[in-house]
Each structure stands twice: as structure tokens, then as C-alpha cells.
Amino acid sequence: MDAVLAETSIGITELKKNPSAVIRDAGTETIVVLHHNKPSAYLVPARTYEALMDVLDDLQLIPVVQERVASWLADPGQVVEVTRAELEALASGKARKSPRSRPSNKPLAKQI
């Protein structure tokens, strides 16, 4: 038997009758759509879906982070110092070059 990963279920025929009402009544809950009593789809609120996509994006960054940490451990002298303000500027797309950005021999933990 297939696992049902929602507390509320609806048959596909019932969903076809009034999908707007089903979505409205679900509120913030996920609904499993059953076809012949087997899960065929899930109706997930937009905010939940967006949060799931954010988590997936973050999980895809794990190998990049691991590679960069391994690279730093292999050669800690190649670390570039940046301030929090510089990171925020980079994140907002307003990157500015700092005269402080240069290789350092300081441990990474002390640079943050």
C-alpha cells in the first residue's frame, strides 16, 4: 500500500467538481488526491511549496560548501578576508571592493 503523507484526502472525482473550494477549504494544510484509493497527487499550499524549494536549493549548496571547506583546509593561506557589510553588499547586488580584501593566514573562524 502507498504511504499517504497528508491528514486530509479527496478523491479525484470530488476534486474535479469544485477545485477552488477544495483549495480554499484546505487553508494551510496539504491534501492528498486519491485515484482508485491510491495517492496520485498532493495539493500543497504555495507557501509550503516555496519553503520546500528553498530547502532543496540549500541542500544543493552542501557539496559546494564541503568543497570550499576542503579547499580551505588544504591551503588556509588562500582565505580572503571580508566584512559582514561586504557580504551584505554582495548579497544585495551592490558589491564594492574593499581595500581589506586580501589573502590572510588567519583561521576562518576569527574572520567571521
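Below are the figures for this structure:
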| item | result |
| --- | --- |
| Hits in region 1-38 - residues which are in a strand (DSSP E or B) and in contact with a Ser or Thr (Cβ under 8 Å, 6 or more places away or on another chain) | THR8, ILE31, VAL32, VAL33, LEU34 |
| Region 4-36: number of residues that are in contact with a helix residue (DSSP H, G or I) (Cβ under 6 Å, 6 or more places away or on another chain) and either surrounded by fewer than 13 Cβ atoms within 10 Å (Cβ to Cβ) or among the small types (Gly, Ala, Ser) (or both) | 1 |
| LEU73 modelled with pLDDT of 95 or more, exposed (fewer than 11 other Cβ atoms within 10 Å of the Cβ) and in a helix (DSSP H, G or I) | no |
| Condition check for VAL79: in contact with a strand residue (DSSP E or B) (Cβ under 6 Å, 6 or more places away or on another chain) and not aromatic (Phe, Trp, Tyr) | yes |
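The values are calculated or read from the model by the stated rules, or taken from the named source; none is laboratory data. Quantities reported herein were computed from a predicted structural model and do not represent experimental measurements. A quick note on method: Cβ atoms are made from the backbone with ideal geometry, for glycine too, and the neighbour counts reach across all protein chains shown.
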